[in-house]
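Trainee: Pasting in a structure now, in structure tokens, and then I'll have a few things to ask.
The values are calculated or read from the model by the stated rules, or taken from the named source; none is laboratory data. These numbers come from a predicted model, not from an experiment. Every residue, glycine as well, gets a Cβ built from its backbone with ideal geometry; the counts of neighbours run over all protein chains shown.
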């Protein structure tokens, strides 16, 4: 008996059944197949078949068999339902049901063979237990890949297991292709076969459809092949609905057809006759590769990865769920161009190895059937099993009956609603009919009158002709006059009829307009009603709160006025005395503790640091309300290099910061001292100089020159007038490096000052249009954007004009030609509002209520809010005249990860969210959805451009430790951006897999196999503490940086800032990007974190000092520590696993060692939280874990209350 997923029918499983049947018959046996549809199986393979779901039939047939073969495929996995109880419920739709024949065979004493299987994943304990028992008891076992063997060993199967490629590689052995198929004749139409299957996890449909639409050449036909096309009444999922969905997404641009091969042989010949194949099914890949057809594949599961790897398929043609449309396009292009087909030696090797499966069947056929062990005196568990199932089936029937009753009641309610809808439609129809009947009556009356007059005229004309015949010449002139008069009357009546018809048409048009106006009025009325109701409640609450606050304020003002001065003085004095007494009392004990634990060297290092603050007043104790910003000249810069910029202006005519100012802002954010001197007045400077932080960047000549500090100074020359060149020469004379910006000075070579500039310049930068200057190195620094303003992770206020119930399309018109485009767009998308701004200040001419004009904005913050809330951003303008402005706006929208549709085609930007305007596809373009494009964001921020410009020295001995737990979707983003920005000097990246089951670890191995700095370490459990300890154990750098997999970078700045702080010698033990404090008024150890504080907690003291060390703890997302200190402590406490409080605990260990815990808003770090451990803060499991770890933490550190630092003030 052969048992498997047979009769669905699925072509892949039928291929395996075909090979097994041929082998059984070669060995002299006669197969009986347990099939989902016995009729289909008997007709397809010419064998006896029994109904798989009928356990009685299966056991009856099995009793007469000598051997049970559990056929190949991927049955033993829990992608789909796989529960232990499914083995005992014959009617349950559960994969565990395939264990039933094996259990029955064991009772009947029939040897069983598990043949050519792929195993896994197996996440559930009951699934692992059942698989272990089945595989352990089988007489012979073979699997199709090493990973299946490893998984069986892991779950406890300790028996011989044969490993060989899938038996499907032997299909050509039994079905060689005809000679006519092996050598393809030249044909006018070439064919791309596409084999897909439904897979709901991850994004793959849209990029596949986009790639097919883009790269399939003209003249090619797409053949959609359905490998699973069951009958309509079958419970098996068909491929056909998915194929219909994808065909609709691809559109009608190519010839296409849908084919459902009825047999494996038909599928084999169909694929062999194609010119290229895209495969998402294992056996479609195997058949196509055997036929020598160029093939690329989407590896949604490891079984496809294993098969493609065995066949030697190049990585560029192997796709994964979540890949971009560009990756799909490259793979399809290579398949269409015949980039790769397997060698004959590779295929022969696979087929030779697959013979192991056939040899095992020959060995199994020799097994003697042992004596029947069934004892009738024992309990007949099969009968009891079925009786229990029948009872449960009866309960299901009763539940179904109750469900039908509820459905009938639902249908009744739907009927009532339909009746009300019909009534409303009848009223509307009546209104239409009233107008229609009135006009119809008028038209009919006029038509009848005209007809009567025409008839009368015809009669009169007839009489006149008769009289004319009789009289001939007599009265000829009189008759002619009458005829002319009659013709005039007829013509006037015809004109009257035309006017009546025009009136009817106008009335119908007005009626349609009234219907649209009525719908808009209802929408506005509904929104206004909700707004009024909300505001009434809000106003009532505000009035009540105002009254309470006024009373409380009056009382508190009286008390405060009397005690404020005395209290401030007393509090300050007592605070200093108390702090110094406590420190003096505790210092000997702490130093002794540090001495014993870490040695005399570290203890002695702490004495000066502890004594420095005795008697000193802390900055956060004095005038907090006045300390929100650091003095202009007291900001501490952590980088040795300086950037001094010479530019003609800081702000351009459009209100945007110029390129030199953007680079200056980026350098300042990166921790460099940066200053800009503008040699001419700036248009729109009032927008910027109101910002206090910019006052220290925009300086005069004297202040600019005063900052020149030898070779550490970079001077960016972006202005070529005499004063700028003279200042640059003075800086160069003091040792500064001069860098020319050809993007701002495209024609500087023709300037009379060029010889002076060339004499002092050592390098240059450009934006893609660099002149050739011998001996002057140049570097591309293209236009970028401010990622801290145009930030998709930031919460931007939604504009009041935007709709919550309709779509919102933002249209920015630089050329003033939006009216014609708007008319087409309004017709293409009816469910959206169009928010339109024109650079020329004019309003759009369209009178449609869906068009909402607004004034052009110069505020980047306001623009970010408009773009972030829009469904689609449309930019209208021409390449050339508006190129620079269009490029800035496009970059801003793309940094916010919004779909951007541009009219110009020369912006030279690459992003999955950027689309060229297509008048013929407006409907689909205005309904685009955004995709994550971290590559664009990571490579187009001014912060990163500033790092490249400065070319600073970087620390070269940092080991990064990154945890993953089911983070396959995001881990590439984290590792890739760290390598892109810091890979040249970074020591290593240790990726620790916390027992993931989503293939994330395998993805890291696949993507970074050729990157020696990326190392993968596997942890046997999901634990932040155990995982990070394991990562440190396998690292070798002097410094250790802990990153979460949900973080990524736009520049390497954070590494330099953190290491510089650790090297200052000021007693900082660890520095991090994310800080938290405790709140003494709460009993849950909660408190504020830096993400929710103004300026992310970087108060005036932190700006002057470069960091703040009055923090409670750090999060381990971008946290740096020296290896020496970490290894001297106990490390992360594994009691906290999987998560919660392990980061707070390690910070308390640092404090206990006598060091401070410091925080700085490290630049270039982006964070998508709560992804590393898979923890859900709303789940009951998480709440219990949090409570357990909080109690443990509180008890562990109750002897160190001074470590629980409150946030006194964020000022």
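Trainee: Please tell me if residue 1146 is in contact with a strand residue (DSSP E or B) (Cβ under 9 Å, 6 or more places away or on another chain), within 25 Å of residue 1060 (Cβ to Cβ), modelled with pLDDT of 95 or more and part of a strand (DSSP E or B).
Mentor: It is false that residue 1146 is in contact with a strand residue (DSSP E or B) (Cβ under 9 Å, 6 or more places away or on another chain), within 25 Å of residue 1060 (Cβ to Cβ), modelled with pLDDT of 95 or more and part of a strand (DSSP E or B).
Trainee: Give the residue, chosen from 784, 770, that is crowded, with 16+ Cβ neighbours inside 10 Å and within 13 Å of residue 660 (Cα to Cα).
Mentor: Exactly one residue qualifies, and that residue is 784.
Trainee: Still on this structure: On the given criteria, is residue 1120 under 28 Å from residue 787 (Cβ atoms) and part of a strand (DSSP E or B)?
Mentor: Yes.
Trainee: Shifting gears a bit: Here are some conditions: (1) farther than 19 Å from residue 1037 by Cα; (2) buried (at least 24 other Cβ atoms within 10 Å of the Cβ); (3) touching a strand residue (DSSP E or B) at 6+ places or on another chain (Cβ under 8 Å). Residue 996 meets all but one. Which one does it not meet?
Mentor: (2)
Trainee: Here is a list: 683, 670. Which entry is within 41 Å of the chain's Cα centre (by Cα), over 30 Å from residue 1093 (Cβ atoms) and modelled with pLDDT under 95?
Mentor: 683
Trainee: So which residues in the range 47-57 are crowded, with 23+ Cβ neighbours inside 10 Å and within 23 Å of residue 137 (Cβ to Cβ)?
Mentor: 52
Trainee: Next question. Quick one: which residue in 209, 200, 218 is under 16 Å from residue 332 (Cβ atoms), surrounded by fewer than 15 Cβ atoms within 10 Å (Cβ to Cβ) and either at pLDDT below 90 or assigned by TED's automatic domain parsing to the domain that holds residue 280 (or both)?
Mentor: Step by step, each of 209, 200, 218 is checked, and only 218 is under 16 Å from residue 332 (Cβ atoms), surrounded by fewer than 15 Cβ atoms within 10 Å (Cβ to Cβ) and either at pLDDT below 90 or assigned by TED's automatic domain parsing to the domain that holds residue 280 (or both).
Trainee: Continuing with the same structure: Among the residues of the range 888-904, what is the count of those that are at pLDDT below 90 and either crowded, with 23+ Cβ neighbours inside 10 Å or more than 26 Å from residue 944 (Cβ to Cβ) (or both)?
Mentor: 1
Okay, residues lined up against (1) in contact with a helix residue (DSSP H, G or I) (Cβ under 9 Å, 6 or more places away or on another chain); (2) at pLDDT 70 or above; (3) on the phi > 0 side of the Ramachandran plot:
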{"site": "389", "(1), (2), (3)": "yes, no, no"}
{"site": "392", "(1), (2), (3)": "no, no, no"}
{"site": "401", "(1), (2), (3)": "no, yes, no"}
{"site": "408", "(1), (2), (3)": "no, yes, no"}
{"site": "414", "(1), (2), (3)": "no, yes, no"}
{"site": "420", "(1), (2), (3)": "no, yes, no"}
{"site": "430", "(1), (2), (3)": "no, yes, no"}
{"site": "434", "(1), (2), (3)": "no, no, no"}
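Trainee: Right, next: Here's a check for you: in the range 905-922, which residue that is loosely packed, with under 13 Cβ neighbours inside 10 Å and within 24 Å of the chain's Cα centre (by Cα) is modelled with the lowest pLDDT?
Mentor: Applying the filter and picking the extreme gives 908.
Trainee: Now for a separate question. Across the range 1004-1041, what is the number of residues that are within 21 Å of residue 1137 (Cα to Cα) and within 23 Å of the chain's Cα centre (by Cα)?
Mentor: Number satisfying all stated conditions: 0.
Trainee: Is it the case that residue 973 is assigned by TED's automatic domain parsing to the domain that holds residue 910, touching a helix residue (DSSP H, G or I) at 6+ places or on another chain (Cβ under 9 Å) and more than 18 Å from residue 779 (Cβ to Cβ)?
Mentor: no
Trainee: Would a scan of the range 979-986 turn up a residue that is touching a residue at least 12 places away in the same chain (Cβ under 8 Å), surrounded by fewer than 22 Cβ atoms within 10 Å (Cβ to Cβ) and under 22 Å from the mean Cα position of the chain (by Cα)?
Mentor: yes
Trainee: Continuing with this model, one more query. Which of the residues belonging to the range 899-916 are closer than 23 Å to residue 780 by Cα and assigned to a loop (DSSP other than H, G, I, E, B)?
Mentor: Answer for the range 899-916, where residues must be closer than 23 Å to residue 780 by Cα and assigned to a loop (DSSP other than H, G, I, E, B): 904, 905, 906, 907, 908, 909, 910, 911, 912.
Trainee: Does at least one position in the range 1033-1052 carry a residue that is crowded, with 20+ Cβ neighbours inside 10 Å and without any contact (Cβ under 8 Å) to a residue 40 or more places away in the chain?
Mentor: No, the conditions are met nowhere in the range 1033-1052.
Trainee: Give me the residue from the range 1161-1189 that is modelled with pLDDT of 85 or more, touching a helix residue (DSSP H, G or I) at 6+ places or on another chain (Cβ under 6 Å) and outside any helix (DSSP H, G or I) and, out of that set, surrounded by the fewest Cβ atoms within 10 Å (Cβ to Cβ).
Mentor: Here the answer is 1165.
Trainee: Taking the condition without any contact (Cβ under 8 Å) to a residue 12 or more places away in the chain and touching a helix residue (DSSP H, G or I) at 6+ places or on another chain (Cβ under 9 Å), does residue 918 pass?
Mentor: Criteria met by residue 918.
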